[in-house]
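Below you'll find the structure, written out as structure tokens, and then a few comments.
The values are calculated or read from the model by the stated rules, or taken from the named source; none is laboratory data. Not measured: the values here are computed from a predicted model. Here Cβ is always computed from backbone atoms with ideal geometry, including for glycine, and neighbour counts include all displayed protein chains.
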Amino acid sequence: MSSVLGLMLLSLTIWLGLLCFWGQFWRTDQQLEVTETQLESLPVVCAVVPARNEAELIPTSLRSLLLQDYPGSLNVFLVDDRSTDRTANFAEGVAHAVGKPQQLHIISGESLPPGWSGKLWAVEQGINSASKFAPDYFLLTDADIEHDPGNLRRLVAKAVQEDLDMVSVMVRLRCESFWEKLLIPAFVFFFQKLYPFRWVNNPNNPTAAAAGGSILIAREALERIGGIQVIRQALIDDCALAKAVKKSGGQGDRENNPMLSQGRIWLGLSSLTRSLRPYDSLATIWDMVARSAYTQLNYSPLLLLGTLLGMPLIYLAPPICVILGAVWSNWAIALTGILGWLLMTFAYYPTIRFYKCSPWFALSLPAIAFLYTLMTLDSALRHWQGRGGAWKGRVYPNSDSL
């Protein structure tokens, strides 16, 4: 019994440390919608949208992009990545329907060269075509994102007002089915725990991350890091891009201000811009997580072992101790377990509230963490079997460039 109590006290100590000293990751206060949107200048923006077999979603996502209320120059470059479902035809129809065919530029994607991921190769082609407009910023966005009308205006205002090299938002993921309500808020919670947004947004902290659904990056920052090709093999391309930008230093800052050695990036949540991608079954969410979970661990067996040991200690120990304490009539173990469970529920509740789910889901974090642990193990198994990184009909090498 003493060993069980010792493990529970260790778990409790970890939760106290996470809540008090881990970048306040559990809070949801880093949100784009609080940005003041008054603009004194109107930078030129080119949006790049890689699209592969997105005919079902492109009418909604492209329409939202073309109808942005941004008063400056905006051109959209949609790269049709060898789709077989007439994605380009649907896109062209949307542009004519909203009366903005001159703002849409459709690029037929070339065959995938060695050493590139499909998405990044499409993005590279879009950026090359958009460069003739000499944009101040590139908006890198996915074909399954429905942008709030003010999204671009807020992104630009954030970048200009705070002199940022890159601004990105984790768009609101779809959360309608039971499995989405159970697992999607946790996906955001675990991402924030891995990359506390306050640390990401602190130029003096090396933590770097981004959310690929909506990224605004300054052209100068992209050129400074050597372009998209420096992350051409990255499967977790958004975080790889953020890492490259933050490591590169600000615009001229290394020369003029040696004390400021990192680029300035910002990452937050959006309550209005949302993902249209449905994850309405356990299998679809499982595949989404397993595709890149082991990549996130840098394909390290040691980090995998640490995850397989750490997740049960942090998330499963409290409810197990509650049960064991009740069975053994050991109220010290039971009460310690209850306290640990309450702490993790307290940490998870802001994310549950942000996604407007029932508060009861906050209590289910131990079971959710168990499922995510199994997904991570499956991700490693796929890697060892040569099936890692499968997406949109392609299987990529199990490597990441950064």
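Just give me the residues in region 293-309 being surrounded by fewer than 16 Cβ atoms within 10 Å (Cβ to Cβ) and either modelled with pLDDT under 95 or not in a helix (DSSP H, G or I) (or both), in sequence order. Those that are surrounded by fewer than 16 Cβ atoms within 10 Å (Cβ to Cβ) and either modelled with pLDDT under 95 or not in a helix (DSSP H, G or I) (or both): Asn298, Ser300. Among the residues of region 30-77, the ones that are under 18 Å from Val98 (Cα atoms) and among the hydroxyl-bearing types (Ser, Thr, Tyr) come to 5 in all.
Listed conditions (1) modelled with pLDDT of 95 or more; (2) surrounded by fewer than 24 Cβ atoms within 10 Å (Cβ to Cβ); (3) not acidic (Asp, Glu) are all met by Gln233, apart from (1).
Taken as a whole, the condition of being buried (at least 23 other Cβ atoms within 10 Å of the Cβ), among the aromatic types (Phe, Trp, Tyr) and not in a loop (DSSP other than H, G, I, E, B) applies to Phe138. The set of residues from region 205-221 being surrounded by 23 or more Cβ atoms within 10 Å (Cβ to Cβ) and in a helix (DSSP H, G or I) comprises just one member, Ala221. If I filter region 1-21 down to residues being within 14 Å of Ala332 (Cβ to Cβ) and hydrophobic (A, V, I, L, M, F, W, C), which single residue comes out as modelled with the lowest pLDDT? The residue in question is Met1. Summed over region 351-363, the residues that are on the phi < 0 side of the Ramachandran plot and surrounded by fewer than 17 Cβ atoms within 10 Å (Cβ to Cβ) give a count of 4.
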